[in-house]
Amino acid sequence: MIHTIVGAALLGGVLGVSFCEEPGWNVVWKDDFNGNALDMTSWTILETQGDSRVRDACGRKENIQVVNGSLVITSKRETVEGCKYNFTTGAIQSEGKKFWQGHTRVCVSAKLPGTPGKAKGSWPAHWLMPNTSACWPTNGEIDILEMINGDGQAHGTYHWSDTCSQDHAHSGYATAADWASTFHEYSTEYSTSGLSFQVDSKQTSASLPPQETMYNVPYYAILQTALGGSWPGPVAPDTVFPMTHTIDYIVVSQKA
């Protein structure tokens, strides 16, 4: 399938074609989220709480659904037995199941969660982690998309270091005014020449070549909505729930 994107004219690409499916790129994995359930050969649902995937909430399988050809992650203000927080949400990852390495593009098309002006504490993210046991962030971390508090700023960030727990980061962002109502494609491309981030194929930021070690290890994908945490701060009393994070597809491609 050739994926189409909505929301902006493309920069340097074929109009309407995913950044990951432009000529000269071979798709190595994609999930269109068709059918009635998540493909568990590709994904693991994270039932966790208080960690980097969900922050001040509890991740539950009940909050992950595949509906009408999309993945839907629903965040709720609710009390659930065994959860120490007053919020539930969802996160999935492809660790150990789907991973890749080398000159790569990763694209995720999504409508982001939250009601504009009433999304304090929301933190949706599409990101990549190394499929290794190395300490963070010596093999890097690539955050394709993060948005906090529904502020309309789509952040792309690369983390790296030669030393455990000593973080260096390069970050940029683009403004997406209709982030909650329109599908936008958030993507990254990385190679030995550099690393860049795009929204609807328009480059938003770029960095110098990342550390060489990241090309020697495989990466996997994480799709989530976290709530609270140090960056957005706590969920506000007037934050509107439920909120839905709707993901149309993820595509991973490599240079032909």
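Screening Thr182, Thr246 for residues that are of a type in the set (Ser, Thr, Tyr) and farther than 24 Å from Leu46 by Cα leaves exactly one candidate, Thr182.
Okay, residues lined up against (1) small (Gly, Ala, Ser); (2) open to solvent by less than 30 Å² (accessible area, probe 1.4 Å); (3) farther than 14 Å from Gly228 by Cβ:
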site: Thr44; (1), (2), (3): no, no, yes
site: Asp56; (1), (2), (3): no, no, no
site: Arg60; (1), (2), (3): no, no, yes
site: Asn68; (1), (2), (3): no, no, yes
site: Ile73; (1), (2), (3): no, yes, yes
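Of all the residues that make up the range 145-166, how many are farther than 19 Å from Val108 by Cα and assigned to a loop (DSSP other than H, G, I, E, B)? Total meeting the criteria: 8.
Only residues that are modelled with pLDDT of 90 or more and not in a helix (DSSP H, G or I) were counted across the range 12-40, and they come to 20. Could you say whether any residue in the range 79-95 is touching a residue at least 60 places away in the same chain (Cβ under 8 Å), aromatic (Phe, Trp, Tyr) and within 23 Å of Pro218 (Cβ to Cβ)? There is no residue in the range 79-95 that is touching a residue at least 60 places away in the same chain (Cβ under 8 Å), aromatic (Phe, Trp, Tyr) and within 23 Å of Pro218 (Cβ to Cβ).
Those strands (runs of 3 or more DSSP E) of the range 47-128 in which 1 or more residues are closer than 28 Å to Glu22 by Cα occupy 64-67, 70-77, 91-93, 104-111.
Let's see how each residue does on (1) under 15 Å from the mean Cα position of the chain (by Cα); (2) farther than 22 Å from Tyr249 by Cβ:
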site: Asn149; (1), (2): no, yes
site: Gly156; (1), (2): yes, no
site: Thr163; (1), (2): no, yes
site: His168; (1), (2): no, yes
site: Tyr173; (1), (2): yes, yes
site: Ala177; (1), (2): no, yes
site: His184; (1), (2): yes, no
site: Ser187; (1), (2): yes, no
site: Tyr190; (1), (2): no, no
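You will find that of Ala177, Ala221, Ala169, the residue that is part of a strand (DSSP E or B), open to solvent by 40 Å² or more (accessible area, probe 1.4 Å) and of a type in the set (A, V, I, L, M) is Ala169 and no other.
Here Met129 passes the criteria (1) hydrophobic (A, V, I, L, M, F, W, C); (2) under 17 Å from Ala91 (Cα atoms); (3) open to solvent by less than 20 Å² (accessible area, probe 1.4 Å) except the one numbered (3). Criterion applied to Thr115, Thr104 was being open to solvent by 10 Å² or more (accessible area, probe 1.4 Å), out of contact with any Pro (no Cβ under 6 Å at 6 or more places or on another chain) and among the hydroxyl-bearing types (Ser, Thr, Tyr), and the one residue passing it is Thr115. Picking from residues in the range 224-256 that are open to solvent by less than 20 Å² (accessible area, probe 1.4 Å) and of a type in the set (S, T, N, Q), the one that is nearest to Ser187 (Cα to Cα) is Ser253. Just wondering, is there one or more residues in the range 228-241 that are in a strand (DSSP E or B), among the polar types (S, T, N, Q) and either modelled with pLDDT of 95 or more or at negative phi (or both)? No, that holds for no residue.
The values are calculated or read from the model by the stated rules, or taken from the named source; none is laboratory data. Not measured: the values here are computed from a predicted model. Glycine gets a Cβ as well: all are built from the backbone with ideal geometry, and neighbour counts include every protein chain shown. Note: accessible area is taken over every heavy atom of the protein model, side chains too, but ligands, DNA and RNA are not part of it. Shrake-Rupley method; radii C 1.70, N 1.55, O 1.52, S 1.80 Å.
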